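Here is the structure we will look at.
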Amino acid sequence: MDPFWRDNGFEPVPRGGLGHHTYVEICPPTAPSDNGRADNRVIECRSVPLEEPATPLQTPADGVRPYVYCTLGTFSNSNAAVFCMLLQAVGSLDVDVLLTTGWGIGLHDLGTVPANVVVEEYVPQAQVLDRASLVVCHGGSVTMLASLGAGLPIVALPQGADQFVNAPWWERSGAVTVNAS
């Protein structure tokens, strides 16, 4: 980062990074991030949904059985075996499930889809979280913050990117159960 700082007229930060600047903290005080900052250069905010519900979501949810939202995000979700494992795990349960695959996996990659599961490429989370009983996800920041904001329990199955950092930090807060296997 030193050349970047100098090219932009700043003296490099001795410990590197952006350490001497104000930053925005979107994690709630009950589950703070691992940034370890406790000074006046933190602006505390709250996470808000990226999109509002559009049209009513068509699901098999009858309002009687628990409704489980399974997602591995929209970016690091190209492992069909993980989706197949999720389908096998929820297929025999007395729950209704929405499994979103993102754009990397198609129905032809999933094999047989159990009758209690609806598969979609993408659904705005704001349409799902108000009716879900549980979220099974990859541990991405947006999904975890939105789920916690909706007061939902989460099971995190980290797949890549920041998820291996996010999931344990949320687990330490007591808000999430992590399964890394």
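The values are calculated or read from the model by the stated rules, or taken from the named source; none is laboratory data. No experiment lies behind these values; they were computed from the predicted model shown. Cβ atoms come from the backbone with ideal geometry, glycine included; neighbour counts cover every protein chain shown.
What to note about this one:
- Only one entry in Val123, Val117, Val155, Val128 is closer than 22 Å to Ser92 by Cα and in contact (Cβ under 8 Å) with a residue 40 or more places away in the chain, namely Val128.
- If only residues of the range 112-126 that are at pLDDT below 90 and part of a loop (DSSP other than H, G, I, E, B) are counted, the one that is surrounded by the most Cβ atoms within 10 Å (Cβ to Cβ) is Val123.
- Note on the range 28-110: enclosed strands (runs of 3 or more DSSP E) holding 1 or more residues that are surrounded by 10 or more Cβ atoms within 10 Å (Cβ to Cβ) and at pLDDT 90 or above are 67-71, 96-100.
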